[in-house]
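S.K.: Below is a structure I'd like to ask you about.
The values are calculated or read from the model by the stated rules, or taken from the named source; none is laboratory data. The model shown is predicted, which means the values in this text are computed figures rather than measured ones. All Cβ positions, even for glycine, are placed from backbone atoms using ideal geometry, and neighbour counts span all protein chains on display. Keep in mind that these areas ignore ligands, DNA and RNA; they rest on the heavy atoms of the full protein, side chains included. Shrake-Rupley method; radii C 1.70, N 1.55, O 1.52, S 1.80 Å.
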Amino acid sequence: MQYLPSVAMPRRALTVLAVAFLLPLLSACGFNVIPTNEERAKAAWSEVLNQYQRRADLIPNLVETVKGYAAQEKDVLTSVVEARAKATQVQVTPETLTDPNAFKAFQDNQANLTGALSRLLAVVENYPDLKSNQNFLALQSQLEGTENRIAVARRDYIEAVRVYNTSLKTMPTMIWSWIWFRGNEPYQTFTIDDSAKQTPQVKF
(Lines give C-alpha, C1' and ligand atoms only; values in the text may rest on other atoms or scores of the structure.)
Protein backbone atom coordinates (compact mmCIF):
# COMPACT_ATOMS: atom_id res chain seq x y z
CA MET A 1 0.00 0.00 0.00
CA GLN A 2 1.34 3.43 -0.92
CA TYR A 3 1.73 5.86 2.00
CA LEU A 4 -0.01 9.21 1.57
CA PRO A 5 1.40 12.12 3.60
CA SER A 6 -0.97 13.73 6.08
CA VAL A 7 -2.50 17.05 5.07
CA ALA A 8 -2.51 18.23 8.68
CA MET A 9 1.27 18.47 8.93
CA PRO A 10 1.70 21.03 6.15
CA ARG A 11 -1.17 23.06 7.64
CA ARG A 12 0.49 23.10 11.05
CA ALA A 13 3.75 24.08 9.47
CA LEU A 14 2.06 26.90 7.58
CA THR A 15 0.43 28.14 10.78
CA VAL A 16 3.74 28.20 12.60
CA LEU A 17 5.38 30.02 9.71
CA ALA A 18 2.54 32.54 9.57
CA VAL A 19 2.80 33.31 13.29
CA ALA A 20 6.59 33.59 13.06
CA PHE A 21 6.15 36.00 10.15
CA LEU A 22 3.41 38.09 11.76
CA LEU A 23 4.90 38.58 15.22
CA PRO A 24 7.73 40.88 14.07
CA LEU A 25 5.21 42.80 11.97
CA LEU A 26 2.90 43.26 14.96
CA SER A 27 5.79 44.55 17.03
CA ALA A 28 6.98 46.86 14.28
CA CYS A 29 3.46 48.24 13.82
CA GLY A 30 3.20 49.25 17.46
CA PHE A 31 1.18 46.33 18.84
CA ASN A 32 3.28 46.29 22.02
CA VAL A 33 3.26 50.06 22.57
CA ILE A 34 -0.04 50.28 24.45
CA PRO A 35 0.61 47.48 26.99
CA THR A 36 4.18 48.68 27.47
CA ASN A 37 3.08 52.24 28.17
CA GLU A 38 0.33 50.98 30.45
CA GLU A 39 2.79 49.00 32.56
CA ARG A 40 5.10 52.02 32.81
CA ALA A 41 2.21 54.17 34.03
CA LYS A 42 1.27 51.54 36.62
CA ALA A 43 4.87 51.35 37.82
CA ALA A 44 5.03 55.14 38.09
CA TRP A 45 1.80 55.16 40.11
CA SER A 46 3.19 52.55 42.48
CA GLU A 47 6.12 54.87 43.16
CA VAL A 48 3.70 57.74 43.88
CA LEU A 49 1.93 55.54 46.43
CA ASN A 50 5.24 54.48 47.98
CA GLN A 51 6.26 58.08 48.58
CA TYR A 52 2.88 59.12 49.98
CA GLN A 53 3.03 56.12 52.32
CA ARG A 54 6.52 57.13 53.38
CA ARG A 55 5.16 60.56 54.34
CA ALA A 56 2.25 59.01 56.22
CA ASP A 57 4.68 56.82 58.18
CA LEU A 58 6.64 59.87 59.35
CA ILE A 59 3.62 61.75 60.68
CA PRO A 60 2.95 59.86 63.95
CA ASN A 61 6.50 60.50 65.20
CA LEU A 62 6.33 64.11 64.05
CA VAL A 63 3.05 64.69 65.90
CA GLU A 64 4.36 63.06 69.08
CA THR A 65 7.54 65.16 68.98
CA VAL A 66 5.62 68.40 68.51
CA LYS A 67 3.14 67.37 71.22
CA GLY A 68 5.99 67.07 73.69
CA TYR A 69 6.75 70.78 73.33
CA ALA A 70 3.42 72.21 72.17
CA ALA A 71 0.64 70.10 73.65
CA GLN A 72 -1.55 73.21 73.78
CA GLU A 73 -1.70 73.23 69.96
CA LYS A 74 -4.34 70.53 70.21
CA ASP A 75 -6.44 71.64 67.24
CA VAL A 76 -3.48 71.68 64.86
CA LEU A 77 -2.22 68.31 66.05
CA THR A 78 -5.69 66.77 65.77
CA SER A 79 -6.16 68.10 62.26
CA VAL A 80 -2.92 66.42 61.14
CA VAL A 81 -3.91 63.09 62.67
CA GLU A 82 -7.38 63.23 61.09
CA ALA A 83 -6.02 64.28 57.70
CA ARG A 84 -3.54 61.40 57.79
CA ALA A 85 -6.33 58.94 58.59
CA LYS A 86 -8.40 60.14 55.63
CA ALA A 87 -5.41 60.13 53.30
CA THR A 88 -4.62 56.51 54.10
CA GLN A 89 -8.24 55.36 53.80
CA VAL A 90 -8.62 56.14 50.09
CA GLN A 91 -6.39 54.01 47.92
CA VAL A 92 -6.24 54.07 44.13
CA THR A 93 -4.82 50.81 42.83
CA PRO A 94 -3.39 50.44 39.33
CA GLU A 95 -6.63 48.65 38.41
CA THR A 96 -8.74 51.71 39.30
CA LEU A 97 -6.61 54.45 37.78
CA THR A 98 -9.35 55.04 35.22
CA ASP A 99 -11.90 56.00 37.91
CA PRO A 100 -12.08 59.82 38.10
CA ASN A 101 -14.04 59.84 41.37
CA ALA A 102 -11.61 57.59 43.21
CA PHE A 103 -8.65 59.56 41.87
CA LYS A 104 -10.17 62.91 42.87
CA ALA A 105 -10.89 61.63 46.38
CA PHE A 106 -7.28 60.48 46.66
CA GLN A 107 -5.97 63.84 45.47
CA ASP A 108 -8.23 65.83 47.78
CA ASN A 109 -7.25 63.82 50.84
CA GLN A 110 -3.53 64.11 50.09
CA ALA A 111 -3.92 67.85 49.51
CA ASN A 112 -5.73 68.19 52.85
CA LEU A 113 -2.88 66.36 54.57
CA THR A 114 -0.35 68.65 52.92
CA GLY A 115 -2.27 71.67 54.22
CA ALA A 116 -2.50 70.24 57.74
CA LEU A 117 1.25 69.58 57.76
CA SER A 118 1.93 73.13 56.62
CA ARG A 119 -0.10 74.51 59.52
CA LEU A 120 1.67 72.21 61.98
CA LEU A 121 5.11 73.24 60.78
CA ALA A 122 4.12 76.91 60.94
CA VAL A 123 3.24 76.45 64.62
CA VAL A 124 6.77 75.21 65.29
CA GLU A 125 8.03 78.76 64.70
CA ASN A 126 6.63 79.66 68.10
CA TYR A 127 8.70 77.04 69.95
CA PRO A 128 12.49 77.60 69.73
CA ASP A 129 13.25 74.59 71.91
CA LEU A 130 11.28 72.34 69.58
CA LYS A 131 13.04 73.78 66.53
CA SER A 132 16.39 72.76 67.98
CA ASN A 133 15.29 69.31 69.15
CA GLN A 134 17.42 66.64 67.45
CA ASN A 135 14.51 64.26 66.92
CA PHE A 136 12.49 67.03 65.32
CA LEU A 137 15.41 68.08 63.13
CA ALA A 138 15.79 64.50 61.90
CA LEU A 139 12.05 64.23 61.14
CA GLN A 140 12.17 67.64 59.46
CA SER A 141 14.95 66.45 57.16
CA GLN A 142 13.15 63.19 56.35
CA LEU A 143 9.89 65.02 55.64
CA GLU A 144 11.62 67.49 53.35
CA GLY A 145 13.24 64.65 51.43
CA THR A 146 9.94 62.81 51.18
CA GLU A 147 8.11 65.86 49.86
CA ASN A 148 10.77 66.18 47.18
CA ARG A 149 10.42 62.51 46.27
CA ILE A 150 6.64 62.90 46.08
CA ALA A 151 7.07 65.77 43.64
CA VAL A 152 9.44 63.71 41.47
CA ALA A 153 7.17 60.63 41.58
CA ARG A 154 4.14 62.70 40.60
CA ARG A 155 6.06 64.29 37.73
CA ASP A 156 7.15 60.90 36.44
CA TYR A 157 3.60 59.53 36.74
CA ILE A 158 2.12 62.50 34.89
CA GLU A 159 4.57 61.95 32.03
CA ALA A 160 3.94 58.18 31.93
CA VAL A 161 0.19 58.77 31.80
CA ARG A 162 0.59 61.37 29.07
CA VAL A 163 2.49 58.87 26.93
CA TYR A 164 0.02 56.05 27.64
CA ASN A 165 -3.11 58.14 27.05
CA THR A 166 -1.63 59.55 23.85
CA SER A 167 -0.98 56.04 22.53
CA LEU A 168 -4.71 55.30 22.89
CA LYS A 169 -5.66 58.29 20.75
CA THR A 170 -3.01 58.63 18.05
CA MET A 171 -2.02 56.66 14.98
CA PRO A 172 -0.86 54.01 14.44
CA THR A 173 -1.34 52.64 17.97
CA MET A 174 -4.94 53.88 18.01
CA ILE A 175 -5.73 51.10 15.52
CA TRP A 176 -4.67 48.50 18.07
CA SER A 177 -6.80 50.18 20.75
CA TRP A 178 -9.80 49.74 18.45
CA ILE A 179 -9.02 46.16 17.47
CA TRP A 180 -7.25 44.52 20.38
CA PHE A 181 -7.17 46.81 23.45
CA ARG A 182 -10.79 47.92 23.44
CA GLY A 183 -11.02 47.68 27.23
CA ASN A 184 -8.14 50.09 27.82
CA GLU A 185 -9.23 53.51 29.05
CA PRO A 186 -7.20 56.67 29.71
CA TYR A 187 -5.66 56.95 33.16
CA GLN A 188 -6.43 59.82 35.50
CA THR A 189 -3.69 62.29 36.32
CA PHE A 190 -3.05 65.07 38.83
CA THR A 191 -5.12 68.15 38.06
CA ILE A 192 -5.22 70.06 41.36
CA ASP A 193 -4.19 73.70 41.19
CA ASP A 194 -0.72 74.96 41.99
CA SER A 195 -1.64 76.35 45.40
CA ALA A 196 -2.91 72.96 46.55
CA LYS A 197 0.28 71.31 45.36
CA GLN A 198 2.61 73.45 47.47
CA THR A 199 4.78 71.29 49.69
CA PRO A 200 5.12 72.08 53.39
CA GLN A 201 7.93 74.49 54.25
CA VAL A 202 10.16 72.49 56.57
CA LYS A 203 13.26 74.70 56.64
CA PHE A 204 13.74 77.25 59.39
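S.K.: Would it be correct to say that Val19 is open to solvent by 40 Å² or more (accessible area, probe 1.4 Å), touching a Ser or Thr at 6+ places or on another chain (Cβ under 9 Å) and modelled with pLDDT under 95?
M.R.: So Val19 does not fit the description; no.
S.K.: Any residue at all in the stretch 83-90 that's out of contact with any strand residue (DSSP E or B) (no Cβ under 9 Å at 6 or more places or on another chain), more than 30 Å from Glu38 (Cβ to Cβ) and without any contact (Cβ under 8 Å) to a residue 12 or more places away in the chain?
M.R.: Looking through the stretch 83-90, at least one residue is out of contact with any strand residue (DSSP E or B) (no Cβ under 9 Å at 6 or more places or on another chain), more than 30 Å from Glu38 (Cβ to Cβ) and without any contact (Cβ under 8 Å) to a residue 12 or more places away in the chain.
S.K.: Further, regarding this structure: If I go through the stretch 99-130 residue by residue, how many of them are of a type in the set (Ser, Thr, Tyr) and either open to solvent by less than 40 Å² (accessible area, probe 1.4 Å) or touching a helix residue (DSSP H, G or I) at 6+ places or on another chain (Cβ under 9 Å) (or both)?
M.R.: Residues flagged as of a type in the set (Ser, Thr, Tyr) and either open to solvent by less than 40 Å² (accessible area, probe 1.4 Å) or touching a helix residue (DSSP H, G or I) at 6+ places or on another chain (Cβ under 9 Å) (or both) within the stretch 99-130 amount to 2.
S.K.: Would you tally the residues in the stretch 144-174 being open to solvent by less than 60 Å² (accessible area, probe 1.4 Å), under 30 Å from Ala116 (Cβ atoms) and out of contact with any Ser or Thr (no Cβ under 6 Å at 6 or more places or on another chain)?
M.R.: Result for the stretch 144-174: 9.
S.K.: Can you confirm whether Asn133 is over 20 Å from Ala87 (Cβ atoms), open to solvent by less than 40 Å² (accessible area, probe 1.4 Å) and under 21 Å from the mean Cα position of the chain (by Cα)?
M.R.: no
S.K.: List the number of the failed condition for Gln188; all other conditions in (1) modelled with pLDDT under 95; (2) polar (S, T, N, Q); (3) not in a helix (DSSP H, G or I) hold.
M.R.: Going through the list (1) modelled with pLDDT under 95; (2) polar (S, T, N, Q); (3) not in a helix (DSSP H, G or I), Gln188 breaks only (1).
S.K.: Still on this structure: Restricted to the stretch 60-72, and to residues that are buried (at least 17 other Cβ atoms within 10 Å of the Cβ) and more than 33 Å from the chain's Cα centre (by Cα), which residue is nearest to Asn135 (Cα to Cα)?
M.R.: Tyr69
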